[in-house]
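The values are calculated or read from the model by the stated rules, or taken from the named source; none is laboratory data. Nothing here was measured: the structure is a model prediction, and the numbers come from that model. FYI the Cβ positions are ideal-geometry reconstructions off the backbone, even for glycines, and counts take in every protein chain you see.
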Amino acid sequence: MNSDVFQPKIVAFCCHYCAYASADLAGSMRIQYPPNVRIIRTPCTGRLETEYFMKAFEYGADGVLVAGCLEGGCHFVEGNLCAKRRVNYTRDLLVEIGLEPERLRMGNLSAAMARPLADTITDMVETVRKLGPSPLKSNGKERSAGHCPAANTPESNGKSKPESRL
């Protein structure tokens, strides 16, 4: 890779049953896709909240891909339809805060669709590369994943949290 070319960071939330299995199959078949993507396995894309997409951007992602089951083929009946509504809602939020809605995308794949997954990831990387770095990054640096704003509150005083008594 040329170091002068912007290399976007993409977070991909993948359904355990379909998209994640498709990524696994792509690896087994030695199908190449850009290394810019970080895949996060989820039980179902329907479990993803709008907050997860926004946090991904907040913590330095240039783009977010949500990959779920084919419509009508969700293992949790309507999970991927819930995810589609949340993705569309979040795309509207992105516009309101001044980000391009193209930075968030949803794809529907089956477990056997390794090549289409690789094509989707490649297309996402190219789209985000054309958009440039996320404006949420301050001076080109993203927030570290370990940073927790709540840890700097006066209430914390450096003390550890009490143990849960479940």
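Consider region 18-77 and keep the residues that are of a type in the set (G, A, S) and on the phi > 0 side of the Ramachandran plot. The one that is modelled with the highest pLDDT is G60.
Looking at L99, L65, L93, just one residue is under 12 Å from the mean Cα position of the chain (by Cα) and either of a type in the set (A, V, I, L, M, F, W, C) or within 20 Å of Y17 (Cα to Cα) (or both), and that residue is L65. Checked across region 124-143, the condition of being hydrophobic (A, V, I, L, M, F, W, C) and either part of a strand (DSSP E or B) or under 12 Å from F13 (Cα atoms) (or both) holds for no residue.
Under the condition of being part of a helix (DSSP H, G or I) and not aliphatic (A, V, I, L, M), which residue from region 24-50 is surrounded by the most Cβ atoms within 10 Å (Cβ to Cβ)? So, considering only residues that are part of a helix (DSSP H, G or I) and not aliphatic (A, V, I, L, M), the one surrounded by the most Cβ atoms within 10 Å (Cβ to Cβ) is T45.
Residue-wise test of (1) in contact (Cβ under 8 Å) with a residue 24 or more places away in the chain; (2) touching a strand residue (DSSP E or B) at 6+ places or on another chain (Cβ under 9 Å).
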{"site": "I10", "(1), (2)": "yes, yes"}
{"site": "A19", "(1), (2)": "yes, yes"}
{"site": "G27", "(1), (2)": "no, no"}
{"site": "P35", "(1), (2)": "no, no"}
{"site": "E49", "(1), (2)": "yes, no"}
{"site": "A56", "(1), (2)": "yes, yes"}
{"site": "V66", "(1), (2)": "yes, yes"}
{"site": "L70", "(1), (2)": "yes, yes"}
{"site": "R85", "(1), (2)": "no, no"}
